[in-house]
Amino acid sequence: MISNYYKNKLKGGIMAEKIYEKDQYQNEFTANIIDITTEEGKYHVKLDKTYFYPEGGGQPSDQGKINGLNVEHVYKKDGNIFHVLDEKPTKIKDIKCNIDWQRRYDFMQQHTGQHLLSAVLKNEYDLNTVGFSLSESNLRIDLDKQLSFQQLKQIEEKTNQYIYKAINVEILYPDQTALKELNLRKEPAVDQNIRVIKIGNIDFSPCGGTHLKNTAELGMIKIIDVENYKGGVRLEFVCGKRALKDYDLKNEICLQLRDILSVPEEEILKEVKRYQRVINTHKDRLSTLEKELMGYKAEALKKSAERVNKILVVKKLWTEFSYDNVQVVANILCNQANIICIFAHKQKETARLLIARSDNVKAIDANEVINEPLKCIKGRGGGNKLKAQGGGSQVDNILDAFDLAYQMIKEQL
Ligand SMILES: [Zn+2]
């Protein structure tokens, strides 16, 4: 229960003080709960002051604990900040609050890195950041124009040099006159109490998010992917500990490849390309040999086939070769006179039926015959008078389909 004392204070229009905007490094604090509302089984808690960052400006919300209870999400609504909890807090006054610092600091690194990178892009090549996205696993910006590979390398180099220089990142609250003096990188989203993030003399950007105190805390920035996007480009990058984690992963892959391929790291790519060429050569050879083998298979099948009214009925259930090969055999046989093929092909999840005939076996319409047998395997397909095929999911019934096709053809010949 919320005490009347706090309810009355609330009626007086008290709002949570956004102290996270002033001290971004505070991850533990004590506060009072001033209201709790229930929505869809969750408890939306208002505090008299909070260091929890509510989702906004492209930065995800903080998580953490309020009186030991999990804070899943924090959001802003009508000037209030709500902390979403799974359980209802029983204590109201002097509540201990903890912010998940690993998560918050990661967002601070990525977000500050974005300011710095966007500033260098603007200052060096007049490229505007028109999109920004930050999540637990992804950080990217969209630029309004294209840039070359050389320019990108230069940008990355310059951004990292600003990190080495350990430049202070400050928060300014300029009045309207001072604001006009500042060379803002973008227009502010609000018109009052404008908060400007200043990185030395490199960048002045209005922003309500959480940032580092100094560029040195970024460690490093690495652009990891680039793609063309809406006439400009989309850059994916990593900062701080994420960059280290990314390096760790790529180093692990490199070391394993080095051991598997038994070549020094710098020759891995060359070696993989060599393997690719070898595999392609083998694939071509295998395909030629398979075609040859299918010729022999066709002849062998002919020898053991049954003759019905002068027509050779060649039937086989295939399990070991690809369906492409089965089609090759059907083509080889049906290019000769007086042959009809009934082939079934069975794999783990798909069963196929193929009916094909020589041009002169006019008594059979393959497209007409195939419909009923296909029903046995819940299959669909079609073709023409000479050749029809289809596949279905009832793999275990393929023999029924096969037998039915054989009976139907035998009766029609
Ligand atoms: Zn920001």
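The values are calculated or read from the model by the stated rules, or taken from the named source; none is laboratory data. It should be emphasised that the depicted structure is a prediction, and the values quoted were computed from it without experimental measurement. Positions of Cβ are generated from backbone atoms using ideal geometry, with glycine treated the same way; all protein chains shown enter the neighbour counts.
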Restricting the search to the range 374-393, which residues are over 16 Å from residue 330 (Cβ atoms) and either in contact with an Asp or Glu (Cβ under 9 Å, 6 or more places away or on another chain) or in a helix (DSSP H, G or I) (or both)? 374, 375, 376, 377, 393
What do you reckon, is residue 241 over 32 Å from the mean Cα position of the chain (by Cα) and in contact (Cβ under 8 Å) with a residue 24 or more places away in the chain? no
Candidates 194, 155, filtered to the one that is aliphatic (A, V, I, L, M), within 15 Å of the ligand (Cβ to nearest atom) and either at pLDDT below 95 or not in a loop (DSSP other than H, G, I, E, B) (or both): 194
Within 16 Å of the ligand (Cβ to nearest atom), among the aromatic types (Phe, Trp, Tyr) and in contact with a Gly (Cβ under 8 Å, 6 or more places away or on another chain): does that describe residue 237? yes
Is it true that some residue in the range 206-215 is on the phi < 0 side of the Ramachandran plot, more than 16 Å from the ligand (Cβ to nearest atom) and not aromatic (Phe, Trp, Tyr)? no
What residue, of 186, 145, is within 15 Å of the ligand (Cβ to nearest atom), part of a loop (DSSP other than H, G, I, E, B), surrounded by fewer than 16 Cβ atoms within 10 Å (Cβ to Cβ) and not small (Gly, Ala, Ser)? 186
If we ask which residues in the range 53-100 are under 29 Å from residue 189 (Cα atoms) and of a type in the set (A, V, I, L, M, F, W, C), their number turns out to be 6
Inter-residue pairs, beta-carbon under 6 Å, first touching a residue at least 40 places away in the same chain (Cβ under 8 Å) and in the range 94-118, second within 14 Å of the ligand (Cβ to nearest atom) and of a type in the set (Ser, Thr, Tyr), 6+ apart: 108/210; 115/205; 118/129
Of all residues in the range 60-103, which are hydroxyl-bearing (Ser, Thr, Tyr) and either under 21 Å from residue 24 (Cβ atoms) or part of a helix (DSSP H, G or I) (or both)? 61, 75
Residue 107 meets each of (1) in contact with a Lys or Arg (Cβ under 6 Å, 6 or more places away or on another chain); (2) within 15 Å of the ligand (Cβ to nearest atom) with one exception, condition (1)
Here are 116, 85: which of them is aliphatic (A, V, I, L, M), over 15 Å from residue 238 (Cβ atoms) and modelled with pLDDT of 95 or more? 85
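Residues checked against (1) within 51 Å of the chain's Cα centre (by Cα); (2) free of Cβ contacts under 8 Å to residues at least 40 places away in the same chain; (3) assigned to a strand (DSSP E or B):
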site: 302; (1), (2), (3): no, yes, no
site: 315; (1), (2), (3): yes, no, yes
site: 332; (1), (2), (3): yes, yes, no
site: 336; (1), (2), (3): no, yes, no
site: 343; (1), (2), (3): yes, yes, yes
site: 349; (1), (2), (3): yes, no, no
site: 363; (1), (2), (3): no, no, no
site: 368; (1), (2), (3): yes, yes, no
